[in-house]
Amino acid sequence: MIEIVKNPWARKITHMKISDRERLNIIRMPHGVRGTYLLWRGGIDPKHFTSRETYARHRQLLADRWGIDITALPCPGDDKK
C-alpha cells in the first residue's frame, strides 16, 4: 500500500513571478548560491540537493547578505524583495 504524505515543499512548480529588484539580486548572487536560491524560490527544498555543509554555507550567506531565510517556505509576497 502506498501512503501519500502531504509535504509543503512538494507543490507544483508553475511560472514564478520575479520583480525587477529580485531579478537584480539573483544576477548579483554567486552561481552556486543562485542555484540554491532558485530551488528554494521554486518551492523545492534545497536541503535535498546539496551537502549539509553547502546548505549551511548558502543558508548563512543568503540570510546575511540578502535577508532571505531558506529554512521556511517562500511566501507568495516574497517576489517584492
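Going by the conditions given, is Ile27 modelled with pLDDT of 85 or more and within 9 Å of the chain's Cα centre (by Cα)?
Numbers: modelled with pLDDT of 85 or more: yes; within 9 Å of the chain's Cα centre (by Cα): no.
No, not satisfied.
Within the stretch 43-67, how many residues turn out to be touching a helix residue (DSSP H, G or I) at 6+ places or on another chain (Cβ under 8 Å), among the hydrophobic types (A, V, I, L, M, F, W, C) and not in a loop (DSSP other than H, G, I, E, B)?
Qualifying residue count for the region: 3.
Could we say that Gly32 is of a type outside the set (S, T, N, Q), at negative phi and open to solvent by less than 90 Å² (accessible area, probe 1.4 Å) here? Let's see the steps before the verdict.
Numbers: of a type outside the set (S, T, N, Q): yes; at negative phi: yes; open to solvent by less than 90 Å² (accessible area, probe 1.4 Å): yes.
Judged against the criteria, Gly32 is a match.
Among the residues of the stretch 16-57, which ones are without any contact (Cβ under 8 Å) to a residue 24 or more places away in the chain and basic (Lys, Arg)?
Once the filter is applied, which keeps residues that are without any contact (Cβ under 8 Å) to a residue 24 or more places away in the chain and basic (Lys, Arg), the stretch 16-57 yields Arg23, Arg28, Arg34, Lys47, Arg52, Arg57.
The values are calculated or read from the model by the stated rules, or taken from the named source; none is laboratory data. This structure is a prediction, so every number in the text was calculated from the model and none was measured. Glycine also receives a Cβ, built like all others from the backbone with ideal geometry; neighbour counts cover every protein chain displayed. Just the protein is used for accessible areas: all its heavy atoms, side chains included, with ligands, DNA and RNA removed. Shrake-Rupley method; radii C 1.70, N 1.55, O 1.52, S 1.80 Å.
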